[in-house]
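Below is one structure, written out as structure tokens; comments come after it.
Each reported figure results from applying straightforward, stated rules to the coordinates on display, with no laboratory input. In this text the structure is predicted, and so the values were computed from the model without any measurement. Cβ placement follows ideal geometry from the backbone for every residue including glycine, while neighbour counts extend to all protein chains displayed.
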Amino acid sequence: MSGGARCQVAQTGADLRAHRRTFGQVERRWSGLVILAAVMFAVAVAPAIGGRAVGGTAVIGSIPGPPRVGDCLLQRPAGPETVDKTGAPLYGTLTTAPCAGRRFGDVVAVIAGGLSTGPVEVADDDGVISYDDPNRHLCSAALAGYLHGARPAGAWSPAIAFSTVIGGPSGLQRRTGQSWVVCVAQAEGSDGKATPYVGALSTSDSADLLPARVAEAATCLSLTDFFLQRPLDCRQPHPVESMAMLLTDHPSTTLAGLRARCRELARSYTQMSDPTAGGRLIDAVVAVHRASDGTQAPGLVTGDETGFARCVVQTNGSRQLIGSLLGLRDRPVPFAR
């Protein structure tokens, strides 16, 4: 092959290689454009495939405020309050809602800005730790007003153990600036735990209806525990159920008057048409006073705060009860067999 021919062939080969490079670049560009177009199409069309596209900006949902007085505790509290490393109380979150049906407590107060920030653990000279929480004092006062605010002075108090449980804002509520304490009144059973009930604990409507609402918190006793006040589980055999208590500090208090009122309370608390159950039950007043040595002794003492009376219903004989009489109405008396 002549030199000119070889030169022409080489030139033609160079042109072909250049053409291939150019074509490859164009091909890659078109491939990229096709992929880009496909992605843009998918972005535009995909939301419509799953449904209508929703515009706008995401916002946080509504955060509930503090409970209201009169709301109810819907679940039994998890446990007692604890404290942090500084001794400040750590209140749990309580599930409250407007009252309807069965509940474990009534909201009796909401203290705005009532979160304690200082130490509440107090150690005496012997190193014994006690708690002095200002919120606890406020809640106790609110409990007394809620339970007894409408009752006249000198009225009997149902022999039911009431206490307060304190709650605070949830973590989310705290982060949004909420600072409050909620005081909840609860009725305690013999095991010290909150017992469920139906109807408000407030006695403003009728003090004599309250015990029937919280029969599970009844106070039952053995014959030897009139003075020691150690309650039994009313599901265990027992001869005595305590109905109410009264300070006998008024000088005009008489045993006859106490007995008459106790008979009325027994009828009202049990709601039985015959509170004696045909003579098988008797109501009685046990008057007790605190002696000079600090012990409790039988006998009516009036005019000071050392004496009190207990209205009880007990079995007439050796039979035992295995249930509370509160709110019994005309159901069979729960005698043990």
How far, in nm, would the chain grow between R290 and T276 when pulled straight, counting 0.36 nm per residue and subtracting the alpha carbon separation?
2.0 nm
Starting from the 7 Å offset along Cα-to-Cβ, what nm value, one decimal, do you get for the label separation of R331 and D249?
3.8 nm
Pop a pseudo-label 7 angstrom from the Cα along the beta-carbon direction at both T176 and Q75 and give the gap in nm to one decimal.
1.9 nm
Quick one: net charge of A297's neighbours, Cβ under 14 Å, K/R +1, D/E -1?
+1
For the stretch 218-337, what is the relative contact order in percent, using Cα pairs closer than 8 Å and at least 6 residues apart in sequence?
33 percent
Starting from the Cα of D126, step 7 Å along the direction of its Cβ; do the same at V198; then give the gap between the two resulting points in nm.
4.8 nm
